[in-house]
Structure formats: structure tokens, C-alpha cells
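What follows is calculated from the coordinates using simple rules that are stated; it is not laboratory data. Quick caveat, the model's predicted, so the values are computed rather than measured. Every residue, glycine among them, receives a Cβ derived from its backbone with ideal geometry; neighbour counts consider all protein chains shown.
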Amino acid sequence: MNAMIPLFVIVPLAAAFFMAILGRFIKNFSKILLNLELLFLSYLALHFILNTQGILAYRVGGFENAGDIPIAIYLVLDGLSRLILLVISLIGLLAAFYSTSYTRQFTQERKYYILFSLMIAGMNGLVISGDIFNIFVFLEIAAIASYALVAFGIEKQQLEASFKYQVLGGMASLIILLGIGFLYWQTGTLNIADFSRLPVSGPFVKLLAIFFLVGFGLKAAIFPFHSWLPDAHSSAPSPISAMLSGVLIKAIGIYAIFRIFFSMFALSYEIAMVITVLGTLSMIVGGLMAIGQWDIKRMLAFSSISQMGYVIVGIGIGMILLATGGSKVIAGFSIFGGLFHLVNHSVFKGLLFLNAGAVEYATGTRDMRQLGGLAEKMPLTASTSLTASLAISGVPPFNGFFSKLIIIVAAVSAHFYWLAFIAVVVSIITISYFMKMQKYVFFNTPQTDYKNFRAIPLPMNLSMIILALLCLLLSLLVLPQIRDIFITPAVDALINSLQYTAVVIG
Amino acid sequence: MVIFQMLIFFPIVIGIILFLLPEALIKIKGIIALLVSGYGAWLAFNTFNSTSGLYHVQCTLAPQLSKYLQLNVDGLAKLIVLFIGLFGFLYALYSLAYIRKGKSVCGYFSWFLITLGSALGAALADHFLFFVFCWGLLGLTLYKLIKGDDDESASAAKKTLILIGGSDSVLILGIAFLYKMTGSWIMSGSSFTTSSALANAAFLCLLVAALTKAGAIPFHTWVPDYVKHAPASSSAFLPASLDKLLGIYLLARITMNFFRLTGWATLLLLIIGSLTIICAVMMALLQHNYKKLLGYHAVSQVGYMVTGLALGTPLGIAAGLFHMVNNALYKGGLFLTAGSIEKQTGIDDIDELGGLSRVMPLTFFAALVFAISISGIPPFNGFYSKWMIYRGIIDFGSGSGLANKLWIVWLALAVIGSALTLASFIKLISGIFLGRLRENLSKIREVGFAMWFPQLVLAAICIFFGLFAAKAVIPVLFNFGAMADNSNLAGLWESPQVSLLILVTILLGVIIYLMGNPKKHRISDSFIGGEKVQNELNFLPSDYYKTIAELKLFSFFYKWAEKKRFDIYHIGKSIVLACYSVGSKCHSGILSTYLVWVVAGMAIIILILV
């Protein structure tokens, strides 16, 4: 079983190389290969979730530990990484399927799929890496692929966005690398599990924590490090925006932060508090900035910042409780809320970006002021978009309702009354801007007669329908039986973070 | 208990199945919806007659769901369920004729049935999560029952869902506070005095949700906008009936079950109630779109219910709930008549109508009954419940708190509100049904059976409730809680006898008229100082109360109201947009600024932590 763990990286990497070589000669090869690859990865992730439990560790090359010191590169699969892998592959699959029609407008389709596959490889690799340096390497693979994908349209706006993204992303990488160098200089180890059992403390650890927090915070677009995101996510081709907002910021940002601060460092109240405060600020700033936007995708991008705030707040409250020795039940409940919202967000935000892509594909614009009345012309896009909008605004019976409810109830249970109040206010702001989008894009009287209207091809529609159904079906994750399969292992992985070291090294 | 599963989930499931039928078969969908809602009404009636208690719905598909599906069938819930069932059936019948293919809301009957099921679920739920789930679904169906195909109706839909959805979030917060205090999700649990900070916060949050749903000041602003643009059957179904029933239901639960109100809470509720009565009716006076006029009255009447429930005495609670029932009856009926008029004439402005009593006699009769009821004229039901409220306020005045001392204020405002209601319905009735029949309207015909029947049924219930309130209605409907063994609820008003006297007087008048040999009269034009009668001489109904608007004191408020400065939605919107404009100045798009942010952010974190 463990031997299959490297496949998460090998398959997308190999596929990318095949696409680069064979895709040149065989028409549609890259498209089909990417879809097959992601289908396989989804199956694999699901297989791991359903059939394995606990923490699985794989040593690349099979090097045994030298005494107590881990030499090999560790690939570790615990509850949290399984969940994130499933999200990556599933959203990736739907975005890739959607791309098959969407990318016809590009001249270099093949390169798009190669970069897509590399991005998947980077994210998967980051999620299963057991040491901080490999996290960095895979982070760079994913990030550099995403820089190129943001600029894929090569218009002025896209290039500008990509440039900003590269500069700030480069800064993030620099800070992370600085932290890694610092770490190695002081302790001589890069292995997460190995580090966590070292008796280190003092300002050195704090400085290190800050380096990682800022570095990965930049990747996760937490306030005040979010400034690159609205440009980058709105300029990329829509399926890529769906991947960036739906998956990438979670895998290389949120996941990395929580992996590091739960498994590597001892939980500290100060860090947890900083993370929670930053999450709250992201929630507010993202929401307030989204409401004034007229570009659909820009609005969605700001909304991602805001919704990531909810995820961070949910997990952050759990962290604070665990660090201060509060109730483990409430901590688990809160972390469950955060992770549930993470999964939900990847589904509905992915869907919203695909909807925005469909609107742009059909009408050639994504400025809300130039649209209107599309509910009659594209009923499928309209209804899926309404589904996603209501889901993200927390209206029952969709998934977002339950995750927001859990986060609010957890915040109140943990005595964070003001935080719960802010979450409610931001939730009202969220429903406001999504209703604004619904009104201007799908209702209203049309602003133009849509001369160049193009019908949406089947693959695009199909992806959107599946995601809309997922918005409804994921509500079932609140039921204990289903929750225990998918999310509870991830929550347990975070709560019992000490096991990580024990299993990996021991 | 099979009956409750069917009651709640059967309409929802059928509603979802109806989505699969194409829109072209809308008649068939309508008939299915009618059958389902008829069955629902029958089940609701059975529920009303069943014994009270807690029930568990056994869910065979997913047994773990049963925990959430605990139902609390007590007197209040049974009352609400009975009327939801009744309205569901009547409005389904009305919609059958009113909703036409292609012109109306997409999937109307599906959403109708889902609304019905979730409203019943919300009324019966005993588990907070199930309650808030159903409650939230109603916001969604409200949004889907209006067609946003032009700018104004799209704005109304947007505003409605923002306010309703926002209040649902606040409700969740309130429930979270309650959960924090009790550690349980069960609604029929212990109750709290509104004295601790947490209890106060929970009380206020739940209050916001109830008032928004019912449409009381300051959260009412979605109601007039929504009813102006939505199909009349949607307006009658949700804002006029179900949302009132459920909003007041939640308020009743808050005041009777969840909390024991202390002085300030009572005072707050009384202020809200009185302000709602007066402000909304003042706005209604000046409307000339009859649907919007009804919308403001839908708000104004909520004030009476809030006032009644705020009193907290058995009489006050019974009065508030009875007024809730009465209001749902006549306000729903008024929206149905409005829909009939709109369907037959295509006009929604009072100024352009007139004289329709000749061509639409049944609708006229129903509208007249509803108008008299809502204005509180004896012996109709609206009078009875208002009279109970007045009595309740007077009794309440004997208490010692600040709110009790001010009883004369509450009473005065309630009475003035009732008078103004009458004034604005004089305008409505005379503007639409009386006066000369315009030539362009002379070909109008009465609506069909499916549309007049529900109107007349509601009118008949209004009369019945008015005549037999003390004998047959109040003892049957309000025999739970503190009202159970209170024989004084009905008071001294002997409705049947008085009505008999009125009837005798009318009969005598008719006899005298007939004895005067009416066939032998001559017809001539009205004499107005030798001038010829011309159409231009007619007063426009919308000018009736213009003088009020021109009074110095009021004109100021009306101007502000016109600029929407009292609208909480617009206040919130301008605050948020102001924040946005500050934020957008910071997001300048200049890379070096962003780099400064990163460095500054990092520096601040270092300063805090190290």
C-alpha cells in the first residue's frame, strides 16, 4: 500500500513529460492524458481514504534510519493530506474536463496541459512531503507553473498580473528558503518529524515560525499578504482560476501552514492567536473589497480571500484551544468546521470561476455592468451559478450553510463571541455581493443584445453540473457516518499531531 | 408517526420531482401541486386535532437523521400548521388560474410546494438545526418566487434575499448563543431571563430574525419592494401569510418559551410594535401602486402582533396570535384580489382604475370584507383582535414598570394606526372599485372560479371569525400555555347580538327603500353649480392624503423616507461602500506598495511575537 504513495507525484510528472514529447505529434493527446491522469489520481486518493487509516510513511529509496536520524526522503500520508489530495484531484479533474473545450481559443493548448499537470504534481508533492525542503521544492514547481498559467493569455493585463504574482511569490519563496536555511544551520535537520522532537525553544523558534508564517501566508493570500491574488486569479484562464482559488492557495498555503504549525512546531498560543487574527482580518478585508468590484472574476478572487479567512479562523480557534489546554471536543468541532469549509470552498469557488468562464466564453465580457438577463439565455449556467452563490453565502440546503454554521457555533462555544459576530457580519456582506452578481449578470434587463453569443459546449456544462450537485451532496458530510470517513481523520491528524512524529520516525 | 413525515417531506419531494417536468406542462404541475397541498391541508387539520407532545420522525433511509427530526407538536405549532395548510391549499387553487405559461416565475409550483413543506417543517421543528434549515429554505424560495427579469424586480429580489439571508445568519448566531447556554439543540428546553449579557445577545439575535421574517421596523423594507414586483400569488403566500405566521411564531416562542422578558425587553418590543404600526401606515397613505400600498399595510399590521406579544399577559398573547391569524386571512385575501385585478386589467396604479365593482362584483365583495376587517370595523375579525389588543394594553397599564406606565402611549398609537388604516383603505376601495368605470376598462370580466373561490372562502372565514370569535374561535384556537384556563379572553363584546342588530337595521333600510317604490325615480346628472360633470373633475385617489405629506413636520420625514434614509438596507449599503472606497484606495495596484505591505506585515508580526 505504502509503495503507491509516490504515484501521486510520479504520475502527473510523467504525464507532463509525455505530453511535452508525444503531444506534439498526436492530436488531443495532452487533453485526454490530463483527464485520465486526474481520474486515476482521484481514484487513488479515494482509495486511500476508504481503505487505509492512520499515518502511512514511505521512505524514498528505502534508506533505513541511521540510528535515530532519518536519512531518507519521507513521503507521509495522514488524514489531512488524504483529504487535500482528494480535493486537488477532484477539482482538478473537473477543471481539466472543462478545459477541453475552453482552451480551444488558445494557440498553444499543449503547453497549457503540461503546465496544468506540473501544477498538480507540485501540489501533490507538497502535500505528501515529510520534510520542509521538499515542501519548498514542490511549492516552487506548483508556483512556477501557476505563474506561467496566469500569463497564459499573454494580454497586457495578464502579463502584469503574472509579473506581480511572480515578484510577490518570489519574495515568499525567498522568505521560506531563508527560514529553511536558518533551520538547517541551527538544528541540522529538515525533516518535520525529526525537528518536532528536538528540544528547541526561544526566539530562534519564534523567528523561524514567523518566516514560515509570512512565506506560506503570502502563498495562502492571508491579509496583509493578499495583494497579488485579485490580479492573478482574475487574469488566469477560468479553469486555472478555479484551480488557483479552489485548490492551489489551500494546498500550498493553508495546508502548509497548518502542517508546519501543528506537526513541526509545538503549538503556541501566540502563533495561534496571530493566525486567527490574520484570518479574521482577511475575512473582513476580502469581503469589503469584493462588494465594490464590477469584474466578476475579480470579485470572486476577493471573495476567496474572505472565505479563506473563515477556514483559517475555524482551524485557528481549534489551535488556540489546543495550545491553551481547552476542550478537545470544541477544538475538534472547530477544526472540523474549518476543514469542511475548505472542502466546500474548493467546490463552490471552483464552480463560480467556471461559471464566470462560461459567461465570458458566451458573451466575451465579464464586466457585470455590460451583462444582464443571462438567466434566459444560459439557464444552466445561471442555475449552477445561483447554486454556488447560495452555497457560499450560507443558504440551506447547500454545503456552505453547514460549514458556516459549524464555524459560528464553534466560535461561540470557545468564547470568541466577537469573532462569531464578525463572521456573521461578513456572511451578510458575502450574500450581498453574490446577490449583486446574480442581479447584474443573470437577471436585470440585458444591457446589450449579445451579438456574438456562443453556446456553451457540453464538457463545460457537464463540469458545472457535477460541481453544482457536489454543492448539494457535500451537505451530507455533516452526517456522522460520512463525516467519519472523509473529514474526521483529517481533524484527528491535526488534534493528535504528536502521533505524526511517533509514526514517521518510530 | 407517518403523518408528520408526509406533512413535511411529501410536498418537498413532489416539488423536487416537479422540476423534472417541462415548463410547458404547467397546468399539470399546478394540478399536482393542488392535490398535494390539499392532502397537506387535510394532514394539517389532523395534526391540529391530534394530541400534543414530542414526536420523533423515524427516517428509514438514514437513521441518524432521526435525532434532528424531533418535532414539538404543541398548541402554538398546531395553530400555525393548521393555517399554513389552509393557505397552502387556497393559494395553490388560486395559482392554478393565476400562473400562466411562459409569463411567470420559472418552476413556480415546485418552489410553491417546497415552501409549503419547509414552512410546516419550521413550525413543527423541535431541533434548532432542523428549524434553521427549514427557515433558511424559506428565504431561498422567497427569492425564487419572484421573477427578476427587469431592473426593479431584480433589485427587489436582491434586497429581499440579502435582508432575509442576513437575518438568517444572525439567527444562527442567536442559536449558537442559546446552545452555549443550554448545551442542547432542543427548542423546547429551559428558558432564560433576559438579564445576563449572553441571554440578552441571544434574545436580540433571535428577535432580529423574527422581525425580519415578519417584516417589522426596522427590518421591514423588503416587504413593500417585494410585493410590488412579485406575482400576487407569491406575495399572498409568503410575505402576507406564511412569513407573518412564522415570524410571529418565532417571536411567540422567544417571548413565551425561550426567554422570560424583563422590563427593557418589553419596552423595546412595545416601541418596535408602535413604531411599526404608525410609520408603515403613514407610508401606506401616500402610495398609489395598490400592491405597494398593501405591502406597507402588511408591515403595519405586524406592529399590532408585536405589541400584543410584548405585553406578555395571556390576553396580550392571545390577541397577538389572533391578530396574526386574522391578518394572514385578510392580507392574503387582499393580495389575491389585487392579483385578480392585475390579471384582468394589467394595471397596478390606483389612479388609472375605478368603478370595477360593476364588472368584478365577487372580487369587490371580497375586497370590501377584507378592507373592513383590516380597518378594524365591527363585527369583522380585525376589529375583534384589535379590540383584544386594546384591552390587553389597558390591563397591562396596571403594572408598575416603565413600559406599563406608558400604556396610554401604546394605546393611542395603536388606535391612531387603526384609523389611518381605514383612511388608506377608503382610498383603495374607492379608487379601484367605486366611481366611474373608465371606458378602457368596460370590457373587463370577473375572474374564474379558481380565483374567486379562494377569495370568497377567505372572506367567509373573516366574517365567521368576527361573528363567533368569543364562542367558537378563541376557545378552540387559543387553549394552550398561559391562555388555557383563562375564561376572560373573549371579553364583553357580544358579536353575534350586535351583528344581528346591524343586520336588522340594514334589512329595515332595504324594506323602507323598497316601500318607496324605487322603479319610479328619474335619472339626472349630478348638479354641481351648473358645471358639466367631466372626468377631469374626479379627484385622483392618490391625492386624497396629499395634504398630510405637505405638512411641515411630516414632509421632512417623507423626504427622508423617499431618499431611503430610514431603510436599514441602504444604511448598511452606504456604510459598506464607504469602507470599500477606503479599501480600494489602498489596493492601488502598484507593486512596490504591495511589497511594503508584506514587509510591514512581517515587521509587525515580529514586533508582536519576539
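Quick rundown of the values:
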| quantity | calculated |
| --- | --- |
| Karplus-derived HN-Hα couplings along the range A:490-501 (A = 6.51, B = -1.76, C = 1.60, θ = phi - 60°), whole Hz, x at Gly and Pro | 5, 5, 4, 4, 6, 6, 9, 5, 5, 4, 3, 4 |
| Rg and Dmax [Cα atoms of chain B; Å; Rg one decimal, Dmax integer] | 25.8, 106 |
| The range B:148-212 and the range A:480-500: distance between their alpha carbon centers, rounded to Å | 32 |
| Gain upon complete extension [A:HIS415, A:ARG24; 0.36 nm per residue less C-alpha separation] | 134.8 nm |
| Chain A: angle of helix A:458-473 to the longest principal axis, Cα-based, in degrees nearest 10 | 60 |
| Positive-pole candidate from A:THR187, A:ASN2, B:THR276, dipole of the protein assembly as shown, charges at beta carbon | B:THR276 |
| Rounded tilt (10° steps) of B:108-124 against the dominant C-alpha axis of chain B | 70 |
| In Hz, Karplus ³J(HN,Hα) per residue of the range A:136-150 (6.51, -1.76, 1.60; θ = phi - 60°; x = Gly, Pro) | 4, 4, 5, 4, 5, 4, 5, 5, 5, 4, 6, 4, 5, 5, 4 |
| Nearest-20 debye value, the range B:1-109 charge dipole, Cβ charges on Lys, Arg, Asp, Glu | 340 |
| Cα extents of the range A:215-374 along the three principal axes, largest first (Å) | 55, 25, 23 |
| Sequence-distant residues sharing a close amide H with A:SER129 (under 5 Å, placed H) | A:VAL76 |
| Value of [θ]222 nm, deg cm²/dmol, for chain B, DSSP H segments ≥ 4, -39500 (n - 2.57) each, nearest 500 | -22500 deg cm²/dmol |
| Computed label-point distance, nm, for sites A:ILE32 and B:ASP349 using a 7 Å Cα→Cβ extension | 6.5 |
| Amide H partners (placed H, <5 Å) of B:PHE433, local residues excluded | B:GLY355, B:LEU356 |
| Computed magnitude of the charge dipole of the protein assembly as shown (debye, nearest 20; Cβ of K, R +1, Cβ of D, E -1) | 1520 |
| Within chain A: Cβ-based charge dipole about Cα centre, in debye rounded to nearest 20 (Lys, Arg +1; Asp, Glu -1) | 920 |
| Proxy reagent accessibility, fewest Cβ within 10 Å first, across B:GLU152, A:GLU64 | A:GLU64, B:GLU152 |
| Principal-axis tilt of helix B:197-214 within chain B, Cα atoms, nearest 10 degrees | 40 |
| Residues B:SER418, A:SER304 arranged by fewest to most Cβ contacts within 10 Å | B:SER418, A:SER304 |
| Shielding score for B:586-598, defined as the mean number of other chain Cβ atoms within 10 Å | 5 |
| Furthest towards positive pole of dipole, B:LEU456, B:GLY88, B:ALA157, structure part chain B, Cβ charges | B:LEU456 |
| Mean Cα-pair separation over length for chain B, i.e. relative contact order, pairs under 8 Å, 6 or more apart, % | 12 |
| Calculated FRET value between A:PHE182 and A:LYS156, using beta carbons and R₀ = 56 Å, to 0.05 | 0.90 |
| Overall dimensions of the protein assembly as shown by Cα: Rg and Dmax, Å | 32.3, 124 |
| Largest-first ellipsoid semi-axes for chain A, taking √(5λ) over the Cα gyration tensor eigenvalues, angstrom | 35, 27, 20 |
| The protein assembly as shown: antiparallel DSSP beta bridges as a percent of all, rounded to 5 | 90 |
